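Scroll down for the structure; my scribbles are underneath it.
A short reminder: the numbers here are calculations on the coordinates, not readings from a lab. It should be emphasised that the depicted structure is a prediction, and the values quoted were computed from it without experimental measurement. Heads up, the Cβs are rebuilt from the backbone with ideal geometry, glycines too, and the neighbour counts pull from every protein chain shown.
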């Protein structure tokens, strides 16, 4: 299965976490804590098993269920689906160990182009369960490493029949075996046909972190725009990124402000910038320039929404397609 180029989707999922930080002695110390936060998140979503789930964001080896039918057909319960390089497809295998009430999908290492690398090397498995109840369509996904007792990914995606189309929620966690990100996501349509509104909450009690993102996105033909407000609180202080970002074909735009401990700290700008280039970042508050380290952390922070959106969308992709919800 070959991955298509990553493009913005109907609603962004963004989460940040942090490792323990020392005492703050000024803006650079606060940015150091923020840099650690973004680095930990990137590490979790780039871990091999978590990254392997992204292959299902554009397709899942289960047929979409008919209206009113079980999400997992009875014929697949207790079965394992495995990939073969010869056919470039998933199919039922004779492997044992799948849960009797769900279906198991083997996970594989990814090639640089996003496809499953051949020869195929299994690195884990994703078990999918129909968690629906009267009035609610829901799917649960649990991913583990080979022989691993503790799940590295566990989530439930739900859609209530009483809610409008595309209103959904997702709760769960994702881990690389060291750091764990707990998330709650709610999404709903906006006022227009291609507008969506989402709220994300993320907590990491071990790192004393709480993050909240509110955003409204609009999708067009080869265009994307998002008004966002992300606040992050961790042991060393707080940071906020708010404003708007845009994308048109291969050109990107930014109009954002970064606040550190509630004080304006940086202006992020740029219009119709080639996608291989980043935004301009200017100090606010009279200081003449940023150090190289400060600029690196700020660039990572500004880039976090897109990288985390793709990471969490990949984690939830297989379940979202079964529930027929765009995450």
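Of the labelled options [x] 20.5, 67; [y] 23.9, 104; [z] 19.1, 56, which one gives Rg and Dmax of the Cα atoms in Å as computed for this structure?
Read-out taken from this structure: [x].
How far apart, in nm, are two points set 7 Å out from the Cα along the Cα-to-Cβ line at residue 93 and at residue 293?
4.7 nm
Please give the contour-minus-distance gain from residue 262 to residue 120: 0.36 nm per residue of separation, less the Cα-Cα distance, rounded to one decimal in nm.
Numbers: separation 142, 0.36 × 142 = 51.12 nm, distance 4.93 nm.
Length difference between fully extended and current span is 46.2 nm.
For the chain, what does -39500 (n - 2.57) per DSSP helix run (n ≥ 4), summed and divided by total residues, give at 222 nm, in deg cm²/dmol to the nearest 500?
Numbers: 3 runs with 57 residues, N = 327.
Computed mean residue ellipticity for the chain: -6000 deg cm²/dmol.
If you find the alpha carbon centre of the range 71-148 and of the range 279-327, how far apart are they in angstrom?
Going from one Cα centre to the other spans 29 Å.
Can you put 31, 230, 299 in order, fewest other beta carbons within 10 Å first?
Fewest to most other Cβ atoms nearby, the residues stand as 299, 230, 31.
Relative to the longest principal Cα axis of the chain, at what angle does helix 292-323 sit, 0 to 90 degrees, rounded to 10?
For helix 292-323, the angle is close to 20 degrees.
Assuming R0 = 25 Å, can you tell me the calculated FRET efficiency for the pair residue 162 and residue 100, based on Cβ-Cβ distance, to the nearest 0.05?
Numbers: r = 31 Å, r/R0 = 1.25.
According to the calculation, E is roughly 0.20.
Diagonalise the Cα gyration tensor of the range 263-327 and give the resulting equivalent ellipsoid semi-axes, square root of 5 times each eigenvalue, largest first, whole Å. Please report the intermediate quantities before stating the final value.
Values: eigenvalues 226, 32, 21 Å².
Value: 34, 13, 10 Å, ordered largest first.
Please give the helix 27-46 orientation as an angle from the longest Cα principal axis of the chain, in degrees from 0 to 90, rounded to the nearest 10.
20 degrees
I'd like to know how the range 124-245 sits against the 2.2 N^0.38 Å rule of thumb: what's its Cα Rg over that expected value?
Values: Rg = 16.9 Å, N = 122, 2.2 N^0.38 = 13.7 Å.
That works out to 1.24 for the range 124-245.
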